[in-house]
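So the structure is just underneath, and the comments pick up after that.
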Amino acid sequence: MNITILESRGRELGKEYRVYDGMYHKVTAGVDVLKFNPHIYKIDSLVEFGALVNQQRHMNRLLVLGEYEHPPVAPVRRKKIPEKGVNNLLKDRFINLFPIDVDEFEGTVQEYIQLLPPEFQDAACVVHYSASYKTGTSELKAHLYFWSKRKFTIATAKQVARKFSVKNDTSIYQEQSIIHIRDPRFLTLDFTPLPDIITNRMEYIAGGDLDIGALQDAITYTPPVYSKGHAVSRTGKPPSKKMVSYGSEYWYDQIGDHKDIYLPSYYFVLALLYEGYSKEYATDVLTSIFEEKNSPNHRPSGAAARVEIASEALRRMV
């Protein structure tokens, strides 16, 4: 997936502290910068993301989950209230990275993770402690990042996070929301060495990939009501990312529930292709579905065409 980083145009980001006699005195809370130079980085794993943040956390940069519909060629202006069509605004998209904003938790990172759903408890995690952590408060304040092989939308991540039993800030699950990755700056007035947790504000917890599938499927969706002839191949409209985000398992179930399986099978193929399966695999699966339906209106011979239509729509969507 691509990561969008916004670089402040000449103004300092992040908090600054003066340290004296073991006390941290905040000098500045940073500047609310609105103009940025965007940078796009391609990452394929949590390790690569951790390396990117480790590189960027000493620079005047912010992380956003959204993606620009058109790559900007000039400095962009971050808008707190999105206006459609203005300055290449960020949009929702499919991501592998699942961030969690932890704020005001009494305990350690490990204790917090154990309160998350089981899918998170054995998953690898990049921990980036917030600027105010260990600067006068014992509460845990950090951003946790997990990696899922199965892609999901930012909106889906927000629905999943809302179901957590432990407190978290779900405001970060918006395409325009910023995530601070700049470490705070410390000026020691008495030349006392700073503790490790102050100087090194990142941690990596080993584990496997996050299984987002079970969490994503547990969300209650309202099945869409289709009218005949509403398919994208007939109207020319781009497919709905939200529909694709339901995943191939969801659409496979829907195929058996609809009298007309055209659109459910179309989104099923679209989801398969997005999840990384080949055209040949998608064609074989769709052919077997048509054979099971045993309907003269859904002949196996139409499987290849259905896959090609979905493949073209996927190229326009991604």
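Every read-out reported here was derived from the displayed coordinates using simple, explicitly stated rules and does not represent laboratory data. Keep in mind the model is a prediction, meaning the values are calculated, not measured. All Cβ positions, glycine included, derive from the backbone under ideal geometry; neighbour counts span all protein chains shown.
Please give the residues of the range 269-287, grouped as numeric ranges, whose backbone N is less than 20 Å from a label point set 7 Å along the Cα-to-Cβ vector of Glu48. Counting backbone N atoms under 20 Å from the label point, the list is 273-278. At full extension, Lys149 and Lys242 could sit 31.7 nm farther apart than now, given 0.36 nm per residue minus the alpha carbon distance. Put simply, when 240-249, 116-125 are sorted by average Cβ atoms within 10 angstrom per residue, most first, you get 240-249, 116-125. Asp122 to Arg9: extension gain in nm, 0.36 nm per residue of separation minus the Cα-Cα distance? Length difference between fully extended and current span is 36.7 nm. With R₀ set to 22 Å, the beta-carbon distance separating Lys279 from Met1 gives a calculated FRET efficiency near 0.50. Which entries in Lys15/Lys35; Lys35/Lys149; Lys134/Lys241; Lys163/Lys242; Lys42/Lys241 show an alpha-carbon gap greater than 30 Å? With Cα atoms farther than 30 Å apart: Lys35/Lys149; Lys134/Lys241.
As a rough guide to protection, the peptides 146-153, 207-214, 276-283 ranked by mean Cβ packing within 10 Å, highest first, stand as 146-153, 207-214, 276-283.
In this label model, Lys163 and Glu292 are separated by 2.4 nm, measuring between points 7 Å along each Cα→Cβ vector. Taken along the Cα-to-beta-carbon direction at a fixed 7 Å, the label points for Asn37 and Glu106 span 4.7 nm. The slack in the chain from Arg18 to Glu203, taken as 0.36 nm per residue of separation less the alpha-carbon distance, amounts to 64.2 nm.
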